[in-house]
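Participant: If you scroll down you'll find the structure; I have some questions about it.
The values are calculated or read from the model by the stated rules, or taken from the named source; none is laboratory data. Since the model is a prediction, treat every value here as computed from it, not as a measurement. All Cβ positions, glycine included, derive from the backbone under ideal geometry; neighbour counts span all protein chains shown. These accessible areas exclude ligands, DNA and RNA; they are computed on the full protein's heavy atoms, side chains included. Shrake-Rupley method; radii C 1.70, N 1.55, O 1.52, S 1.80 Å.
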Amino acid sequence: MRFLPNGKWNRVFTGEICGVKKRINIMNNQIENKSSLNGKRVIILGGSTGIGFATAKAAAAEGAKVVIVSGNQSKINNALRQLPERAEGYAVDLAHEQNIQAFFEQAGNFDHLIYTAAENLNLNNINETDIEAARQFFNLRYWGAYAAVKYGTPFMNAGGSVNLTGGTAGSRPASGWSIASSICGAMEGLVRALAVELAPIRVNAVIPGVIDTNLWDSLPAENKEGLYNWAKDTLLLGRVGHADDVALAFVYLMKQNFGTGLNLVVDGGTLLV
């Protein structure tokens, strides 16, 4: 505090207070701008259906320029009709490393990467599992994500983030889920390792529980219905999850600025029951 004549003291004191408020407002604006998705370019691999498409819509609603990528052009076209005109879409077979590399080499700079690409898993007990066929599930779900990070991050703007997808089967598998559980567990370990290796790029993942998407369509109808009924009767929140629930988690991971190596569980309480 300065000891000045009353008039001068008031003017100095008031000026200092105004200066502090101005600096606080500037800091708040900087934090808000850092956390905003407005104008940010978000690439979503697996973004034409399910969780990826829901995330594309949620990010676009926040002002992001979304780029959706999947292997099916007709699904991309359908998704683009429901997204803002500034959205982009590309058909790329993400099961092959060279395709992912070529895509990022022509895609240009961007801010956030989301990987939700996955195909319908076949659930079998180990004695019924064709190991060679089971290897193929890793190509899209794990190695595709790995390649996307490898070839995508060199084009990522400062302050960007990588956001992958796991699943609660990594921590709580059921009988017949050995392949699914292996992929989910590998993804959680990958997130932690890449968060260390790629810092200060933030690397996180969302871990969904039972979510009502087309990924369960490979199950026989009665098994799918049984799974959904189990979720409704057992989970703490009493319902199957929706793609929008998971999309909000991806939006959060992009907007926050101080979390990395996170495996954010969005499961309706699956891991607690």
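Participant: Report the paramagnetic label zone for THR234: residues of segment 242-273 whose backbone N is under 11 Å from a point 7 Å from Cα along the Cα-to-Cβ axis.
Facilitator: 270-273
Participant: Please list log₁₀ I(q)/I(0) at q = 0.24 Å⁻¹ for segment 167-273, using the Debye equation with identical point scatterers on the alpha-carbon positions.
Facilitator: Per q value, in the given order, log10 I(q)/I(0) is -1.38.
Participant: So which of LYS40/LYS75; LYS150/LYS224; LYS224/LYS255; LYS57/LYS224; LYS65/LYS150 end up more than 30 Å apart, counting from Cα to Cα?
Facilitator: Long pairs (Cα-Cα over 30 Å): LYS150/LYS224; LYS224/LYS255.
Participant: How many angstrom lie between the C-alpha centres of segment 128-187 and segment 249-273?
Facilitator: About 16 Å separates the Cα centre of segment 128-187 from the one of segment 249-273.
Participant: Leaving out ligands, DNA and RNA but keeping every protein chain, what accessible area does TYR228 have, in Å² rounded to the nearest 10, with a 1.4 Å probe?
Facilitator: 30 Å²
Participant: Also, quick follow-up: Averaging sequence separations of C-alpha pairs under 8 Å and six or more residues apart, then dividing by the length of the chain, give the relative contact order as a whole percent.
Facilitator: Relative contact order, the chain: 19 percent.
Participant: Can you give the three extents of the C-alpha atoms in segment 77-233 along their principal axes, from longest to shortest, in whole Å?
Facilitator: 45, 38, 32
Participant: Kindly provide the Kirkwood hydrodynamic radius of the chain in Å, to one decimal, from all pairs of distinct alpha carbon atoms.
Facilitator: 20.3 Å
Participant: Amide H neighbours of ASN72 under 5 Å, counting only residues 5+ apart in sequence or on other chains, H built in-plane at 1.01 Å?
Facilitator: Amide H to amide H, under 5 Å and 5 or more residues apart or across chains, ASN72 pairs with VAL92.
Participant: Residue separation times 0.36 nm, minus the C-alpha to C-alpha distance between GLN98 and GLU128: what's the value?
Facilitator: Between GLN98 and GLU128, full extension yields an extra 7.6 nm.
Participant: Ok, one more. Taking the C-alpha atoms of segment 56-129, how large are the radius of gyration and the largest Cα-Cα span, Dmax, in Å?
Facilitator: 15.2, 50
Participant: Further, regarding this structure: Rank these by accessible area, largest first, 1.4 Å probe: ARG239, ARG41.
Facilitator: These residues rank, largest area first, as ARG239, ARG41.
Participant: Give, in nm to one decimal, the length gained when the segment between ASN257 and LEU272 is fully stretched (0.36 nm per residue of separation minus the Cα-Cα distance).
Facilitator: 2.6 nm
Participant: Another question about this same structure. If I fit a long axis through the Cα atoms of helix 221-234 and take the longest principal axis of the Cα atoms of the chain, what angle between them do I get, 0 to 90°, rounded to 10?
Facilitator: That works out to roughly 40 degrees.
Participant: Provide ILE51, ILE126, ILE43 ordered by accessible surface of protein heavy atoms (probe 1.4 Å), highest first.
Facilitator: The ranking, largest first, comes out as ILE126, ILE51, ILE43.
Participant: Pop the C-beta distance of ALA158 and ASN120 into the FRET formula with R0 = 35 Å and round what comes out to the nearest 0.05.
Facilitator: 0.40
Participant: Most mobile of ALA95, ALA158, ALA56 per a Gaussian network model of the chain (Cα springs, under 10 Å)?
Facilitator: ALA158
Participant: What is the projected area of the convex hull of the Cα atoms of segment 88-145, averaged over all directions, in nm²?
Facilitator: Answer in nm², one decimal: 4.9.
Participant: Sticking with this structure for a sec: Compute the length gained on full extension between SER175 and LEU248: take 0.36 nm times their separation in residues and subtract their Cα-Cα distance, giving the result in nm to one decimal.
Facilitator: Additional length available on full extension: 23.3 nm.
Participant: Here's a follow-up. I need the Debye-formula profile for segment 141-191: one equal scatterer per C-alpha, no solvent, reported as log10 I(q)/I(0) at q = 0.28, 0.29, 0.30, 0.31 1/Å, two decimals.
Facilitator: Results for segment 141-191 at q = 0.28, 0.29, 0.30, 0.31 Å⁻¹ read -1.03, -1.07, -1.11, -1.15.
Participant: For the chain, what does -39500 (n - 2.57) per DSSP helix run (n ≥ 4), summed and divided by total residues, give at 222 nm, in deg cm²/dmol to the nearest 500?
Facilitator: -14500 deg cm²/dmol
Participant: Follow-up question, since we're still on this one. Of PHE155, PHE104, PHE258, which has the most accessible area and how do the rest follow, probe 1.4 Å?
Facilitator: Largest accessible area first, the residues go PHE258, PHE155, PHE104.
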